[in-house]
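Accompanying notes for the structure given below.
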Ligand SMILES: [Zn+2]
């Protein structure tokens, strides 16, 4: 079976080695640039989906006041602590990461096994 030997960027015929995918470095970089542009909406919707899921999970556990939850419980539900909207440091130098109005903080000295969850208005007060 003969492999297609057209440039992935400009569709011109590519001469040379059969595994060549682009006619030159310019075509190669413009192909990757365009792919990156196309992938950007996918990245946005992935971030958006993860933030919404994180918020939903924090909301389930934060019914009243401040609660402590095992990290694994959150992770099992699909919580990803790398996705948050902002952070806030209280007067004890503890940093809360927020997902919209819900904040969470990894508890120290517990090898990150527990997370403290609280609602913004309550934590700021
Ligand atoms: Zn080309």
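No value in this document is a laboratory result; all are computed from the given coordinates. Not measured: the values here are computed from a predicted model. Every residue, glycine as well, gets a Cβ built from its backbone with ideal geometry; the counts of neighbours run over all protein chains shown.
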Subject >> the range 55-125: Cα Rg divided by the 2.2 N^0.38 Å rule of thumb >> reply: 0.99
Original post:
Based on the Cβ-Cβ distance of residue 76 and residue 56, what FRET efficiency does E = 1/(1 + (r/R0)^6) give at R0 = 22 Å, to the nearest 0.05?
Top reply: 0.95
**OP:** Quick one: pull the percentage of alpha-carbon pairs in the chain with a separation above 18 Å.
**Re:** 64 percent
**OP:** Would you calculate a helix-derived [θ] at 222 nm for the chain, using -39,500 (n - 2.57) for each DSSP H run of n ≥ 4 and dividing by the full residue count, to the nearest 500?
**Re:** -12500 deg cm²/dmol
Subject >> Cα-based helix-to-principal-axis angle, 25-61 vs the chain, degrees rounded to 10 >> reply: 20 degrees
Subject >> Most fluctuating residue given options 89, 66, 21, as computed from a GNM of the chain linking Cα atoms under 10 Å >> reply: 21
